[in-house]
Amino acid sequence: MAGNPETFEDFWKAYPHCKRPPRSKKALTRGLFEQITTTGRRTKVDGIPLNIKATPEELVAAAKAYYDQVTADYEASYTDNTQYVPGSQVWLNQGRHEDFIETEEDNVHHLRRRG
């Protein structure tokens, strides 16, 4: 978005939190967000090494898409849907946002999958 770059606060507002997280979790998530959007983050998920890197715009778009999925998958209320939503810091640290990042190759849009 030219002239209006996405920020951590945009990500925080877009992510489907199960309840209002404490400030400490917001600070941890901010650190992960900044690391992923600058130098990248090396981590392991189920013993598999991952190098996680994304732009702020990709993370915000992924959080919005995840929110849409959480709210669309169920007929129950929003608060009932989010009881099993991982914390935002877990979601980022495990690279789950990559399931929601759209890429363009050969003029075909698809979702990039971990694997």
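The values are calculated or read from the model by the stated rules, or taken from the named source; none is laboratory data. Everything numeric in this text was worked out from a predicted model, so none of it was measured. Using ideal geometry, Cβ is built from the backbone for each residue, glycine included, and neighbour counts are taken over all protein chains shown.
The table below gives the values:
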{"item": "Residue 31 being under 15 Å from residue 10 (Cα atoms), modelled with pLDDT of 85 or more and surrounded by fewer than 15 Cβ atoms within 10 Å (Cβ to Cβ)", "result": "yes"}
{"item": "Lone unmet requirement of (1) closer than 20 Å to residue 13 by Cα; (2) modelled with pLDDT under 90 for residue 113", "result": "(1)"}
{"item": "Pairs where the first residue, in the range 82-105, is at negative phi and the second is part of a strand (DSSP E or B) and modelled with pLDDT of 85 or more, C-beta under 6 Å, 6+ apart", "result": "93/43"}
{"item": "Given (1) in contact with a His (Cβ under 8 Å, 6 or more places away or on another chain); (2) in a loop (DSSP other than H, G, I, E, B); (3) modelled with pLDDT under 90, index of the condition residue 103 fails", "result": "(2)"}
